[in-house]
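Structure first, then comments.
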Amino acid sequence: MEPRFRSRSFKRLRVKLPGGDNVIHYRRKGVSKAHCSLCGAVLPGVPTGRAEKIAKLSKTQKRPERPYGGVMCSKCARGTIVNKIRS
């Protein structure tokens with residue numbers, strides 16, 4: 001096993017080859033979806049992927065264009081803004 005594959009950031013897949021051998025293939029683990037910091041709901045409009053993939057996207061594709069976009073869902077953001085205005 002190569003040293004770079006020893007970390008647990010790679011998934012190990014056992015694959016049976018046509019010759020009958022069993023080998024291990026290494027795949028990068030998937031990335032979880034972005035969640036709201038208050039309620040934990042999945043954020044719509046926020047792409048998922050590794051950092052190198054998201055870095056290539058334009059700024060407007062990375063998160064919604066509203067206050068707290070990409071951090072809170074619209075419902076929680078609306079409540080936060082209303083509470084700030086009241087106090």
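Seen against the Cα atoms of the chain and their longest principal axis, helix 74-86 is set at about 30 degrees. Considering only alpha-carbon pairs that sit under 8 angstrom and 6 or more positions apart, the relative contact order computed for the chain is 20 percent. Among the lysines of segment 1-86, pairs that are 8 or more positions apart or on different chains and have alpha carbons within less than 29 Å of each other number 24. In the chain, the sites counted are trypsin sites (Lys or Arg not before Pro) in DSSP loop states with at most 13 other Cβ atoms within 10 Å, and the longest stretch holding none of them, exclusive of the sites, is 57-87. Amide H contacts under 5 Å for HIS35: LEU43, restricted to partners 5 or more places along the chain or on a different chain, H placed in the peptide plane at 1.01 Å from N. Label-to-label distance for ALA41 and SER9 is 3.3 nm, based on points extended 7 Å past Cα in the beta-carbon direction. About the centre of its Cα atoms, the chain shows a dipole size close to 80 debye [charges on the beta carbon of Lys, Arg (+1) and Asp, Glu (-1) only; nearest 20 debye].
Every number here is computed from the coordinates shown, using simple stated rules; none is lab data. Here the structure is a predicted model, which means the values were calculated and not measured. Heads up, the Cβs are rebuilt from the backbone with ideal geometry, glycines too, and the neighbour counts pull from every protein chain shown.
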